[in-house]
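The structure under discussion appears below in the form of structure tokens.
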Amino acid sequence: MSSSSSNQPILKVENLVKSFPILGGLFSREVASVKAVSGVSFELKKGETLGLVGESGCGKSTLGRTIIRLLEPTSGKIYFEGKDITNLEGPELRILRRKMQIIFQDPFASLNPRMTVGAIIEEPLEIHGLFPNPKDRIERIKQLVDMVGLRFEHLQRYPHEFSGGQRQRIGIARALAVEPELIVCDEPVSALDVSIQAQVINLLMELQKKLNLTYIFIAHDLKVVEHVSNRVAVMYLGKIAELADSMELYKNPQHPYTQALLSAIPFPDPRHKEDRIILTGDVPSPMNPPNGCYFHPRCPKVMEKCNSQIPELKETISGHETSCLLY
């Protein structure tokens, strides 16, 4: 976990929306839309890690991919290093790709099975025209595999010859190849054995410290997020329910949804007694979200005004933002 002394955010997201059309009828017209990301705003400083947590389908991965322009935003603004990148195209977008990379969840599906490890790591260097001298390029690839804990002889092998943890290291080396500044880690350890997860997490933290990287770390595991993140954003149905420093959020959760999530974290000590908050019902469909507060149908602290009023994400105490009508 690294932090930056600079006050200038490397990333600023303003009221970001990403909708997916649902087509139907004879002429495949848009009959409805799914709002996967719904008005998200936050800032991220250089060298910082922002953890994104929430249930499956809450929009975490869509948000991460929209920020780095793998998905086109429907509306809102994305600023990277002070520049509006929301509508970049062509050569400008390609230049941006160097600075923003992603590590995917499934290390097998994200690697081309017909390419050797060496070719996989070399590909981004070719695309961006880096290290045109073959000798320099080989040295760079050697440096990358060493950096992620692989050996030079691994370069001639194919992805299927490696374990899940090793494949994820290949994915990390590929992301680092173009010397990015921001990396979206999209559940990078959820597909790995528990015994391997810690190794990959420690590697990511070491690389962040060494290279002054900035991370958006998407995960289900709340204990992992607490360990790696400077700040944590809790998402529910495409919106940010709560955003605060990691230590503050885990010690003093304010949103009822955050409180329920944290109450579900298992403790190895059987003497630890804490009432678990059981949420009733299912997560509503993003195609037809409820009126008012999106969380009100499942909230144990629901009030009458929650049915009609939409809460704004606002600072309730210094550095702690909550989207709840209780505050």
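Key figures
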read-out: Output for region 169-219, where each listed residue is acidic (Asp, Glu) and out of contact with any helix residue (DSSP H, G or I) (no Cβ under 8 Å at 6 or more places or on another chain); value: GLU206
read-out: Residue match in region 212-229 (condition: out of contact with any Phe, Trp or Tyr (no Cβ under 8 Å at 6 or more places or on another chain), over 23 Å from ARG65 (Cβ atoms) and either modelled with pLDDT of 95 or more or polar (S, T, N, Q) (or both)); value: yes
read-out: Exclusive hit being surrounded by 16 or more Cβ atoms within 10 Å (Cβ to Cβ) and under 22 Å from LEU207 (Cα atoms), set LEU71, LEU11, LEU63, LEU16; value: LEU11
read-out: Single unsatisfied condition, PHE27 versus (1) out of contact with any Pro (no Cβ under 8 Å at 6 or more places or on another chain); (2) surrounded by 15 or more Cβ atoms within 10 Å (Cβ to Cβ); (3) not small (Gly, Ala, Ser); value: (2)
read-out: Odd one out for ASP193 among (1) under 22 Å from VAL228 (Cα atoms); (2) surrounded by 13 or more Cβ atoms within 10 Å (Cβ to Cβ); value: (2)
read-out: Cβ pairs under 7 Å, 6+ apart, first in region 74-95 and over 20 Å from GLU126 (Cα atoms), second surrounded by 15 or more Cβ atoms within 10 Å (Cβ to Cβ) and of a type in the set (S, T, N, Q); value: THR74/SER19; LYS77/THR86; ILE78/THR86
read-out: Filtered residue count, region 113-131, keeping only those that are touching a Leu at 6+ places or on another chain (Cβ under 9 Å) and more than 17 Å from ARG97 (Cβ to Cβ); value: 4
read-out: Given (1) farther than 21 Å from PHE152 by Cα; (2) modelled with pLDDT of 95 or more, number of the condition ILE170 does not satisfy; value: (1)
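The values are calculated or read from the model by the stated rules, or taken from the named source; none is laboratory data. Bear in mind that the values here come from a model prediction, so they are computed numbers and not experimental data. Every residue, glycine among them, receives a Cβ derived from its backbone with ideal geometry; neighbour counts consider all protein chains shown.
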